[in-house]
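Participant: Sharing a structure here in structure tokens format.
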Amino acid sequence: KKPILEVKGLKKHFASKRGWFRPASSIQAVSGITLTVYEGETLSIVGESGCGKSTTGRCLLRLLEPTAGEIRYRGKDLTKLTGKEMRAMRSQLQMVFQDPFATLNPKLTIRRILEEPLIAQKVAKEKWSSLIEETIRVVGLHPSQLDRYPHQFSGGQRQRIGIARALMLRPALIVADEPVSALDVSIQSQILNLLQDLQERFGMTYIFISHDLGVVEHISDRVAVMYLGEIVELASKEELFRNPLHPYTRALISAIPVTDPDEKKERIILQGDLPSPANPPKGCRFHPRCQSCMDICRTKVPAETMVNGQMVKCHLYS
Ligand code: SF4
Ligand code: MG
């Protein structure tokens, strides 16, 4: 397995406004993520909303400037590139968003929308129409639909257009941020299957961001579980679902609805809400909500521990 993206100590802090009762401070949306993504795989990042997974995805492509850390894409640290070098890199690194409607310009036809990345990367004009027609077909639409506008399409079709736009330059890596969460369940699996077909066809690597473990189980090779800006567990999909180690992962998995009514499953209820990343709990950040919390958890940050090839950040294993 060859690494395509090697991330070390990635941090993103946002300045928070000072208020009456609150001095100016900084919110650690992402607090030190280290992981390696391999060529051709789908690595999912899963967690509750507000855990920092979207911020992580955007920092990985430098759509947001990271506060600290290294992001090596095929050996090159993206954080060290100039704006111009980074723009040239964009053809290889693309993003698919949750709500394509919000990111598709309503005044442009689909053809114009698909031309934009070609213009930005200075692709020769004589290649445009064949590239656009090939791409619209591989996402399951027809070239006769190219002269329509985004509002003339259904949600699922719009996501196909969003995917086509990301595919135009035949990227090596796509970060997909909740690409099916805005869609009806019946459409979700069509789009997930499309993403899988495209991955095989073009040999792409995916970083797939989702709060929905059912979706993650469908599409991933490996899964990173995020909690309050940190990765608390990272494992192959099979291991993670068969043998979740971190109490947070266990709670998330126990909350997936069972499809087989005979299957008995004990649901672990998470206590309380996700704490504010402006003021994360001391020690293990999960401790106020953890059923297995021990004394040490309140004061000492757990180290990343390897258990049979599975990474877990929890005192139960150190
Ligand atoms: Fe729970 Fe302690 Fe593990 Fe944190 S370190 S998840 S509080 S057992
Ligand atoms: Mg998000």
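The values are calculated or read from the model by the stated rules, or taken from the named source; none is laboratory data. If you're wondering where the values come from, they're calculated on a predicted model, not measured in any experiment. Here the Cβ positions follow ideal geometry from the backbone for every residue, glycine too, while neighbour counts run over all protein chains shown.
Participant: Residue 120 is checked against (1) out of contact with any strand residue (DSSP E or B) (no Cβ under 6 Å at 6 or more places or on another chain); (2) more than 18 Å from residue 207 (Cα to Cα); (3) modelled with pLDDT of 95 or more and fails just one. What number does that condition carry?
Facilitator: Evaluating residue 120 over (1) out of contact with any strand residue (DSSP E or B) (no Cβ under 6 Å at 6 or more places or on another chain); (2) more than 18 Å from residue 207 (Cα to Cα); (3) modelled with pLDDT of 95 or more leaves (3) as the failure.
Participant: Please find, among 304, 266, the residue that is more than 23 Å from residue 30 (Cα to Cα) and among the charged types (D, E, K, R). It would help to see each step written out before you state the result.
Facilitator: Details: 304 fails: more than 23 Å from residue 30 (Cα to Cα).
Result of the check over 304, 266: 266.
Participant: Another question, if that's okay. Return a yes/no flag: does the stretch 137-158 have any residue that is touching a strand residue (DSSP E or B) at 6+ places or on another chain (Cβ under 9 Å) and either in a loop (DSSP other than H, G, I, E, B) or not β-branched (Val, Ile, Thr) (or both).
Facilitator: Residues of the stretch 137-158 touching a strand residue (DSSP E or B) at 6+ places or on another chain (Cβ under 9 Å): none.
For the stretch 137-158, residues touching a strand residue (DSSP E or B) at 6+ places or on another chain (Cβ under 9 Å) and either in a loop (DSSP other than H, G, I, E, B) or not β-branched (Val, Ile, Thr) (or both): absent.
Conditions (1) surrounded by 18 or more Cβ atoms within 10 Å (Cβ to Cβ); (2) on the phi > 0 side of the Ramachandran plot; (3) more than 9 Å from ligand 1 (Cβ to nearest atom); (4) in contact (Cβ under 8 Å) with a residue 12 or more places away in the chain, marked per residue:
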position: 232; (1), (2), (3), (4): yes, no, no, yes
position: 254; (1), (2), (3), (4): no, no, yes, yes
position: 294; (1), (2), (3), (4): no, no, no, yes
position: 303; (1), (2), (3), (4): no, no, yes, yes
position: 311; (1), (2), (3), (4): yes, no, yes, yes
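Participant: Now for a separate question. Could you look through the stretch 269-292, keep only residues that are farther than 21 Å from residue 11 by Cβ and hydrophobic (A, V, I, L, M, F, W, C), and pick out the one that is nearest to ligand 1 (Cβ to nearest atom)? Before the answer, list the steps.
Facilitator: Restricting attention to the stretch 269-292, the residues satisfying the condition of being farther than 21 Å from residue 11 by Cβ are 269-273, 287-292.
Now restrict to residues that are hydrophobic (A, V, I, L, M, F, W, C): 269-270, 290.
On the way: 269: 15, 270: 12, 290: 3 Å.
Within the stretch 269-292, the match that is nearest to ligand 1 (Cβ to nearest atom) is 290.
Participant: Let me ask another. Residue check, residue 68 against (1) under 21 Å from residue 206 (Cβ atoms); (2) aliphatic (A, V, I, L, M); (3) in contact with a Gly (Cβ under 7 Å, 6 or more places away or on another chain), all met but one. Which one?
Facilitator: Against the list (1) under 21 Å from residue 206 (Cβ atoms); (2) aliphatic (A, V, I, L, M); (3) in contact with a Gly (Cβ under 7 Å, 6 or more places away or on another chain), residue 68 comes up short only on (1).
Participant: If you scan the stretch 21-55, which residues turn out to be part of a strand (DSSP E or B) and at pLDDT below 90?
Facilitator: 22, 25, 26, 27, 28
Participant: Moving on to the next point. Starting from the stretch 138-149, take each residue that is closer than 16 Å to residue 167 by Cβ and list its partners that are surrounded by 15 or more Cβ atoms within 10 Å (Cβ to Cβ) and among the small types (Gly, Ala, Ser), counting only C-beta distances under 6 angstrom and pairs at least six apart or across chains.
Facilitator: Between residues of the stretch 138-149 that are closer than 16 Å to residue 167 by Cβ and residues that are surrounded by 15 or more Cβ atoms within 10 Å (Cβ to Cβ) and among the small types (Gly, Ala, Ser), the close pairs are 139/164.
Participant: Which one of the conditions (1) touching a residue at least 60 places away in the same chain (Cβ under 8 Å); (2) crowded, with 23+ Cβ neighbours inside 10 Å does residue 178 fail to meet, given that it meets all the rest?
Facilitator: Result: residue 178 fails condition (2) only.
Participant: Filter the stretch 200-211 down to residues that are in a loop (DSSP other than H, G, I, E, B) and in contact with a strand residue (DSSP E or B) (Cβ under 8 Å, 6 or more places away or on another chain) and give me whichever is nearest to residue 58 (Cα to Cα).
Facilitator: 211
Participant: When you go through 203, 155, 162 one by one, which is the residue that is of a type outside the set (Asp, Glu), on the phi > 0 side of the Ramachandran plot and touching a residue at least 40 places away in the same chain (Cβ under 8 Å)?
Facilitator: None of the other options fit; the residue is 203.
Participant: Inside the stretch 32-70, can you point out the residues that are more than 15 Å from the chain's Cα centre (by Cα) and crowded, with 23+ Cβ neighbours inside 10 Å?
Facilitator: 66
Participant: Of (1) away from ligand 1 (no atom under 16 Å from the Cβ); (2) under 19 Å from the mean Cα position of the chain (by Cα), residue 263 satisfies all except one. Which?
Facilitator: All conditions are met except number (2).
Participant: Which condition number does residue 58 fail, the rest of (1) within 30 Å of residue 250 (Cβ to Cβ); (2) more than 16 Å from ligand 2 (Cβ to nearest atom); (3) outside any strand (DSSP E or B) being met?
Facilitator: (2)
Participant: Given the structure, is residue 169 in contact with a helix residue (DSSP H, G or I) (Cβ under 9 Å, 6 or more places away or on another chain) and farther than 20 Å from residue 73 by Cα?
Facilitator: No.
Participant: Within the stretch 96-110, restricting attention to residues that are surrounded by 14 or more Cβ atoms within 10 Å (Cβ to Cβ) and at pLDDT 95 or above, which residue is nearest to residue 178 (Cα to Cα)?
Facilitator: 96
Participant: Let me ask something else. Being under 28 Å from residue 218 (Cβ atoms) and within 16 Å of ligand 2 (Cβ to nearest atom) is true for just one of 240, 252. Which residue is that?
Facilitator: Criteria check complete, one pass: 252.
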